[in-house]
Each structure stands twice: as structure tokens, then as C-alpha cells.
Amino acid sequence: MLKENIKSIRKSRGLSQEELAIKLNVVRQTISKWEQGLSVPDSEMLVSISEVLETSVSTLLGENISESKVDDLKAISEKLEIINLQLLQRKNAIRKMTHWILILVCAIIIIIFISLFLLNSPYFNWNYNNPENAVLGVAFHSFEWLFIRIAPIILIVLIVGIVLTEKKV
């Protein structure tokens with residue numbers, strides 16, 4: 001309902017998505033996502049949208065109200081609460097997914113470190129006189145050299161990311 005209302009009222013006011021986005025200080029893609037139902041504006045943004053489109057928040061939410069009543073305001077606040085809860089759930093899902101991806105990448109880096117340690121750095125004992133071994137040895141040496149120097153920094157950044165995405169109680 002909200003997505004159709006934003007789109008129809010915007011068009012009836014003769015505004016493009018870009019023009020509405022400029023007036024709301026958001027990017028055009030945000031307007032597009034609202035109109036496609038991929039996301040919803042928060043309560044503050046709904047108020048801004050209603051001001052720009054010169055309509056009431058209740059009309060944006062799908063109600064035609066002739067006069068403002070306490071019950072109507074309560075219904076609007078309940079709808080806004082539901083929208084905010086949906087946004088919070090989506091934000092928590094993205095945070096949780098990011099958290100687990102960071103943990104997975106850390107695990108991969110640690111596994112590679114352990115593998116290199118257990119392999120006992122074979123490129124030190126590599127026979128570079130054979131051209132085929134030389135190319136392979138240089139490639140492996142390059143990977144290991146870069147990995148040993150860059151991975152600890154990446155690992156620290158990932159651990160900081162894991163701590164920052166940890167759910168706060």
C-alpha cells in the first residue's frame with residue numbers, strides 16, 4: 001500500500017524520482033526501493049515525504065482521513081512502529097550475516113596459516129634449477145610472501161569487524 005501511494009502521489013505532483021530524492025536529500029535508488037517495496041522509509045522520513053508531497057502520513061500509509069482524531073493518530077503510530085520493527089529486523093539480519101562472513105574469512109586465513117606452517121615452507125628447499133619447478137616455486141613463494149605480510153593486518157581488521165558486529169545485549 002505504501003509503495004503504491006508514494007509512487008502515485010509523486011506522479012500526481014509531477015515529480016520524478018530524482019526530483020523527490022533531491023527534496024528529501026536521498027539518492028534516487030532509495031525512492032525506487034520504496035516504490036518497489038524493497039525497503040520502507042523510517043518514521044522521520046515518512047513525515048518528510050508527507051511534507052514534500054503535501055499529503056498526510058496517514059494518506060501515505062493508505063488511510064483517507066477527513067479529520068484528525070486521537071484514534072487515527074494511534075493507528076498511524078502503530079503502523080509506524082511496525083515499519084520500524086521491520087527495519088530493525090532487516091538491519092539485525094544484515095548485521096548477523098556480516099558477522100558470520102567475517103568469522104568465516106578469519107577461519108580461512110587461520111587455516112591457510114596453519115597449512116603453511118605444517119608445510120614447513122617448502123619453497124626454501126625447492127630446486128629452482130628445473131624451469132618448471134622454478135615457475136611454480138616463484139608463484140608459491142610470491143603467494144606465501146604476500147600472505148604472510150598482508151594476512152595479519154586483514155585478520156586484525158576482521159576481528160575488529162567481528163567485535164563491532166557482535167550483538168549488543
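At least 1 residues that are polar (S, T, N, Q) and at pLDDT 85 or above in each: list the helices (runs of 4 or more DSSP H) lying fully within the stretch 29-134 that qualify. Explain how you work it out, then say what you get.
On the way: elements: 43-52, 57-60, 70-119.
Filter on the stretch 29-134 gives 43-52, 70-119.
Exactly one condition in (1) at pLDDT 85 or above; (2) surrounded by fewer than 16 Cβ atoms within 10 Å (Cβ to Cβ); (3) assigned to a helix (DSSP H, G or I) is not met by Gly14; state its number.
(3)
Pick out the one residue from Ser56, Ser48, Ser32 that is hydroxyl-bearing (Ser, Thr, Tyr), without any contact (Cβ under 8 Å) to a residue 12 or more places away in the chain and at negative phi.
From the options Ser56, Ser48, Ser32, the qualifying one is Ser56.
The values are calculated or read from the model by the stated rules, or taken from the named source; none is laboratory data. Fair warning: this is a prediction, and the values are worked out from it, not measured in the lab. FYI the Cβ positions are ideal-geometry reconstructions off the backbone, even for glycines, and counts take in every protein chain you see.
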